[in-house]
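Below: the structure, in structure tokens.
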Amino acid sequence: MIDRFTELKKIAQKDGHVLYNIFFGPNHPGMNGNFGYVLDMVGSQVVDVRLNAGQLHRGFEKLMEKRLWVQNFSLIPRVCVVDPDPNEVAYATTAEKLADIDIPKRAKYIRTITLEMSRMTSLLMGMGSVGGATGLYTIMYWMLSDRDYLLDMFEWLTGGRVYHIFNLIGGVRRDFPEGWIDKILELMDYFENKLKEYDHLLYNNPIIVKRLEGLAPITGDEAKKWGVTGPNLRATGVRSDIRIDYPYAAYNEVEVNIPIQEDAKGDALARAIQVRLEFEESINIIRKAIKQLPEGPVRVKIGNPLKLRIPKGEAYTKIESSKGEFGYYIVSDGGIKPYRVSVRGPSLPVGLFLCKRDLPKIRIEDVALWMNTYSICAPDFDR
Amino acid sequence: MKIKEMLENIKKEFPYIGTEIQEEKQARIYVCNDKFLNILTYLRNEKFEHLANIFAIDWIDEKEFEINYNLWSYEYLVSIIVKVRIPRDKAKIPTALNIWDHAQIYEREVHEFFGIEFIGNPDLSPLFLHNWKDLPPMRKDFDTEAFSRKAFDVGEREGEK
Amino acid sequence: MIFLILLKAFLITLWVVFIGLLFLGIGRKITARIQKRYGPPFYQQFIDVIKLLAKESIWHHWIMILGAIMALGGLIATALHVPIAGILPYDSNGPIFLVLYLSAIGYLGMAMGVSASGNPNAPLGIGRALTLMLGYEIPFAAVLIIFMGLTKSSYFLQIAQSQAGGILHWNFIRYPLAFIGAEIAVQAMMAEKPFDQMIAPAEIASGPLVEWPGKFLGLGMIQMGVSVFIETAIITNLFLGPSHNILDFTLKQFGIYFIALCINAVMPRFKIENAAIYLWTIPLGLGLLQMLITFVL
Amino acid sequence: MLDKIQKDREKRQSAWEAVINYFRKRSLYMLHYCTGCGAIELPPIMTSRWDMERFGIAPMATPRQADILLVTGYASQKTIKRLIYTYEQMPNPKWVLGFGSCTINGGIYWDSYNVINKLDRYIPIDLFISGCMPRPQSILSAMKKLQEMIGKGEAKGYERYKQNYEWYKKNQRKLLERETPFLDGGEK
């Protein structure tokens, strides 16, 4: 494969006529999100890739400097559309670290539960998009309609379907409504049954296995070196999870069993299966968190939020999102607005840099699959 | 190994740095301009293998840029942020490309938004912005609201059909 | 006399287009139901085609128009030589070789048309379509040879009539292996998953259809309908016995299409080389095995 | 006499339009282009709970095949360039739906340096949907409203674009092909 590839590349360099461009994105159906690669192609083989990023750039980091500490909560979920909650929690936790606020235990548990729910919505979308990229639309439709149940629970709890703006500095906005907990436990049972159906249709499907196996493999050491984090790193067999290594919310009390595959190869199949295992683990975490849920208030008083000042200082918080490490570095100069907020998105090293290593070895039909198994989310590196 | 000992070890090797502990698992290292690559290499060999990101802070009152290298060790489970200050009017700094490959893309991003030049980075062409002629937008002296009013005509509806 | 033939051909063309689009519409509904949706009304495909034919069209080269017409013309010419419940515009008896030959013209026309459009996705799709054609023609030919050998004739009509005398005489009961092989080959012919590499949206942005606006897309949809009609009609003639009237025949056709749809809804797509290898092993193997059982044992 | 012929022709044409408008409104192909965060609510309205395919609205892969362009949220400078390319590639008749407050006045990003504020200065919009982000119900009701407008022949955004082509082009050029900085002191 490699030999044929270098040969093709040589031909491409010598003769400009055999080389042509394909704009893979932004409005290519295989692309999820407003982002694009310009692929240099010979036949159906990709020989080079150029980036076409920035369609989603909104200047978040600049805008956050212009808004009040509390106002920013309406901005930050929009950094990652499919998995918005880690942003809120990362921002709130960092601000709490700076202001030295200790939030109530119940609020920590509520954050944990909402984070896991948000992870589940994102993972459902990720699993479904693997089906979408290979033409198995049925599984995509099933998963997306199941995702709606989770969004309904979010709507009941927070009032918003996609963006919840549920966390605040000092806790969360409100406690669980009556009957919410019974319903979510019911929903977890529903998903556990559904997983078997997903397995039949997607993960045990011989064609899917055949297509994903051996696609764009990466070893654990390489993944660490290239900044790959989260489920994609765990798919290479590295046991690393920020929920355990650097706990936030209530993860130091709720037990997390990181799912690691035996003989993980780090190829696309391992990544796809990893997502499914993570989904199962999320169900367990929600159940455990609800079992251990303490009583008490959900928020500490922080005074008038419009006049909230955070003491001078800087801190970094990293959160394990469904795509990898989400980090917020916040610098405060003691004012009513943050001095500087820097966002570390999980997709950037993969989507903008690892692509230069991986894509020129695969063919056009695998580009969308490669993106989906790495669960690249364009808004978090465009910001 | 506790974070305190770790910092002391580093300090033994490089006596000229300043350190600060944020919390149990997080610390900062302040370093002057020309030595920071040695420290990054040292940390990289000392199992701080994950470069989470590179970002800059514009300290406009002090006329300085601060470049931050956000590191994480999978072995010690500790996060260290290496901070380098450079003067604002001579914004040039050597690249960390030889230590981490993907530093390239972060440096490209910082270059675009702050106008800081990374010496030795082969590709610093614009990536996110379209046909940008103004000041690099993330600098503190760039006024985003005025730009938006001027470029996108906020609030006025005259001249339309 | 010639007018009678032309009238017949015209009416058959209308019928073919009507049934083809109806099948596509019902197919959308069934797929939607498998995906747990309500789905569009069954006549949606007619609305789509009429709208598309009334839409503005853009072409980059007159070859595009020629290609589109040639593709549709080739397919309709094919359809006129496949007996529909024994009905043919003239006494051709449904010559198998002519049908195989004509059905390739559709793809060639398409190839010519879309290559002129200048979009790189289109030739990629056509390349896949032609590779796949290589894949399914061989197993299909193996199946055809069995029946041609058995009936000593190269006409669909004779093969259909040779199965007279009740359901137990139908070929799909007497030669089940050949039937399965042919079913798989037809799945590829209809470009249903797992063999829809040619129009894979997530990979090559719908391949040949990528630069087809308005009327071209409308013609393309009619073409799709006609090709569904032809392929189901071929299988019906080969395996599902002689049909007494046109309704009987259409229902049988729909049965074939229904199976294809159900497989289509739960299968992802192969890579093109895997698809070709698969077609050359499983269906061809089944065909050859059936041949061995029929002629040697 | 000539007038009468002219009138007859117009009458015939409008009758033809009325018939064809019925088909147009019952079959809308939507371009698969997610310009912003609003696109996350498009998959749900394709799935079982809302299922827009029952109204004949289906996603399509390329601009050449599409009838409606959904601008799902804010448009950055790079996106507006793509949107203009895409819009001009689509064959007539074509319609544009603007999603969310970002397309109306910039919404939450009104002071951002990279997000345009009024989308209708660059391409003609037939219908705006308010909200950030619009719920699936409101998207669906907007689609129904658009169908109604098409049925009555009211949605004529593409003709507006043709008539005011110069004006639109001027706005687009001002933004995308600028040669001088917008603010003073802008040199790199």
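What follows draws every value from the coordinates through simple rules; no lab data is involved. Model, not experiment: these values are computed from the prediction. Here Cβ is always computed from backbone atoms with ideal geometry, including for glycine, and neighbour counts include all displayed protein chains.
Taking 2.2 N^0.38 Å as the expected size of a compact globular protein, what ratio does the Cα radius of gyration of chain C give against it, to two decimals? Could the numbers behind the result be given before it?
Working: Rg = 18.8 Å, N = 297, 2.2 N^0.38 = 19.1 Å.
With N residues counted in chain C, Rg over 2.2 N^0.38 Å equals 0.98.
Enter the per residue convex hull volume of chain A, computed from alpha-carbon coordinates, in Å³ rounded to the nearest integer. Show your work: numbers first, answer last.
Values: hull volume 51.8 nm³, N = 383.
Per residue, the Cα convex hull of chain A comes to 135 Å³.
Give the long-range amide H neighbours of D:Phe128: residues separated by 5 or more places, or on another chain, with amide H under 5 Å away, using H modelled in the peptide plane at 1.01 Å from N.
Residues meeting the criterion, in which the H sits 1.01 Å from N, are D:Gly98.
Cut-off 13 Å, label point 7 angstrom out along Cα-to-Cβ of C:His244: give me the residues of the range C:144-188 whose amide nitrogen falls inside.
So the set is C:165-167.
What are the DSSP H helices in chain C that stretch 15 Å or more along their long axis, judged by alpha-carbon atoms, and whose average Kyte-Doolittle hydropathy comes to at least 0.0?
Numbers: long enough: C:2-34 (47 Å, 1.96); C:62-79 (26 Å, 2.09); C:96-115 (29 Å, 1.87); C:121-151 (44 Å, 1.37); C:176-189 (19 Å, 1.42); C:214-239 (38 Å, 1.29); C:246-265 (28 Å, 1.35); C:272-295 (33 Å, 1.36).
Length and hydropathy pass: C:2-34, C:62-79, C:96-115, C:121-151, C:176-189, C:214-239, C:246-265, C:272-295.
What aspartates and glutamates could a cross-link reach from D:Lys78, if we take a straight Cα to Cα line under 13 Å and drop same-chain neighbours fewer than 8 places away?
Leaving aside aspartates and glutamates fewer than 8 places away in the same chain, those within reach of D:Lys78 are A:Asp382, D:Glu177.
On average, how many beta carbons from a partner chain sit within 10 Å of the beta carbon of a residue in B:21-28?
Working: counts 0, 6, 4, 1, 3, 6, 0, 3.
The mean count of partner-chain Cβ atoms within 10 Å per residue comes to 3.
So what's the range A:51-117 giving for Rg/Rh, alpha carbon basis, Kirkwood Rh from the mean inverse pair distance? Mind dumping the intermediate values first?
On the way: Rg = 13.9 Å, Rh = 13.4 Å.
Over the Cα atoms of the range A:51-117, Rg/Rh equals 1.03.
Between rounded, prolate and oblate, where does the range D:1-90 land on the alpha carbon gyration tensor, with a ≥ b ≥ c its root eigenvalues, rounded for a/c under 1.5, else prolate if a/b exceeds b/c? Numbers along the way, then the final one.
Values: a/c = 3.83, a/b = 1.78, b/c = 2.15.
The shape class here is oblate.
At 222 nm, what value in deg cm²/dmol follows for chain C if DSSP H runs of at least 4 each add -39500 (n - 2.57) and the sum is divided by all its residues, to the nearest 500? Could the numbers behind the result be given before it?
On the way: 12 runs with 210 residues, N = 297.
Helix contribution divided over all residues of chain C: -24000 deg cm²/dmol.
So what's the back-of-envelope 222 nm ellipticity for chain D, counting only DSSP H runs of four-plus at -39500 (n - 2.57) apiece and dividing by all residues, rounded to 500? Write out the running numbers ahead of the final one.
Working: 7 runs with 85 residues, N = 188.
When only DSSP H runs of four or more count, the value is -14000 deg cm²/dmol.
Where both residues lie in the protein assembly as shown, what percent of DSSP beta bridges are antiparallel, nearest 5? Intermediate values should be presented prior to the final figure.
Values: 56 of 77 bridges.
Percentage antiparallel, nearest 5: 75.
Mean separation of Cα pairs under 8 Å and 6+ residues apart, divided by the residue count of chain C: what relative contact order is that in percent?
On the way: 458 pairs, mean separation 81.1, N = 297.
Taking the mean separation of contacting Cα pairs over the length of chain C, I get 27 percent.
Run lengths n ≥ 4 of DSSP H only: what is the helix-derived mean residue ellipticity at 222 nm for chain A, with -39500 (n - 2.57) per run over all residues, to the nearest 500? Can you show the working numbers first?
Details: 15 runs with 175 residues, N = 383.
Only helices count here, giving -14000 deg cm²/dmol.
Which of C:Ala54, C:Ala141, C:Ala129 moves most in a GNM of chain C, Cα contacts under 10 Å?
It is C:Ala54.
Please list, in chain and number order, the residues 5+ apart from B:Thr95 or on another chain whose amide H is under 5 Å from its amide H, with Hs placed from the backbone.
For B:Thr95, the qualifying residues are B:Ile119, B:Asn121.
Quick one: the Cα spread of the range A:81-202 along its three principal axes, in angstroms, biggest first?
50, 30, 21
Do any of B:Lys133/D:Lys162; A:Lys62/A:Lys97; A:Lys183/A:Lys288; B:Lys63/B:Lys140 go past 19 Å between their Cα atoms, and which? Walk me through the numbers before you get to the answer.
Details: B:Lys133/D:Lys162 31 Å; A:Lys62/A:Lys97 22 Å; A:Lys183/A:Lys288 15 Å; B:Lys63/B:Lys140 11 Å.
In this structure, B:Lys133/D:Lys162; A:Lys62/A:Lys97 lie more than 19 Å apart at Cα.
Averaged over its residues, how many other protein chain Cβ atoms are within 10 Å of peptide A:76-89's Cβ atoms?
On the way: counts 0, 1, 8, 1, 1, 9, 2, 0, 2, 0, 0, 0, 0, 0.
That works out to 2 on average.
For the range A:218-242 and the range A:74-99, write down the distance between their C-alpha centroids in whole Å.
24 Å
If packing is taken as the mean number of other Cβ atoms within 10 Å per residue, what is the order of C:194-204, B:118-128, highest first? Let's see the in-between values first.
Working: C:194-204: 26.5, B:118-128: 14.8.
In descending order of packing, they fall as C:194-204, B:118-128.
Do me a favour and compute the ellipsoid semi-axes for the protein assembly as shown from its Cα gyration tensor, root of five times each eigenvalue, largest one first, whole Å. Each step should come with its number before you reach the end.
Values: eigenvalues 596, 220, 148 Å².
Equivalent ellipsoid semi-axes, largest first: 55, 33, 27 Å.
With 10 Å bins from zero, work out the P(r) of chain B over every alpha carbon pair and list the percent per bin.
All Cα pairs considered, the percentages come to 9, 34, 29, 15, 7, 3, 1, 0.
Under a GNM of chain D (C-alpha, springs under 10 Å), which listed residue has the highest mean-square fluctuation: D:Glu17, D:Glu177, D:Glu88?
Comparing D:Glu17, D:Glu177, D:Glu88 in a Gaussian network model of chain D, the most mobile one is D:Glu177.
Please report C:Val17, A:Val209 as a ranked list, fewest other C-beta atoms within 10 angstrom at the top and most at the bottom. Before the final figure, lay out the partial values.
Numbers: C:Val17 20, A:Val209 14.
Taking fewest neighbouring Cβ atoms as first place, the list is A:Val209, C:Val17.
For the range D:26-176, count the residues as N, evaluate 2.2 N^0.38 Å, and divide the Cα radius of gyration by that value, please. Mind showing how you got there, number by number?
Working: Rg = 14.5 Å, N = 151, 2.2 N^0.38 = 14.8 Å.
The reported ratio for this selection is 0.98.
C:Ile76: net charge of surrounding residues, Cβ under 15 Å, Lys/Arg +1, Asp/Glu -1, itself excluded? Could you put the intermediate results ahead of the total?
Details: positive: C:Lys8; negative: C:Glu231.
Spelling it out: positives minus negatives among the neighbours equals 0.
Which percent of the Cα-Cα distances in the range A:92-304 go past 33 Å? Don't skip to the answer; put the middle values down first.
Numbers: 4602 of 22578 pairs.
The proportion of pairs with Cα distances above 33 Å equals 20 percent.
Between the helical axis of D:77-89 and the dominant principal axis of chain D, each derived from Cα atoms, what acute angle in degrees is found, rounded to the nearest 10?
For D:77-89 against chain D, the angle is about 20 degrees.
Could you line up B:Lys92, D:Lys94 from fewest to most neighbouring Cβ atoms inside 10 Å?
Numbers: B:Lys92 11, D:Lys94 25.
Placing the least packed residue first, the sequence is B:Lys92, D:Lys94.
Could you give the angle, 0 to 90 degrees to the nearest 10, between helix D:136-152's Cα long axis and the longest principal axis of the Cα atoms of chain D?
Around 50 degrees separate the two axes.
Inside 10 Å of the C-beta atoms of A:238-248, what's the mean count of C-beta atoms belonging to other chains? Let's see the in-between values first.
On the way: counts 1, 1, 4, 0, 2, 0, 1, 8, 8, 1, 0.
Across A:238-248, the average partner-chain Cβ count within 10 Å equals 2.
In a GNM of chain A with a 10 Å cut-off on Cα contacts, which of A:Asn204, A:Asn72, A:Asn232 has the highest mean-square fluctuation?
Its mean-square fluctuation being the largest, the pick is A:Asn204.
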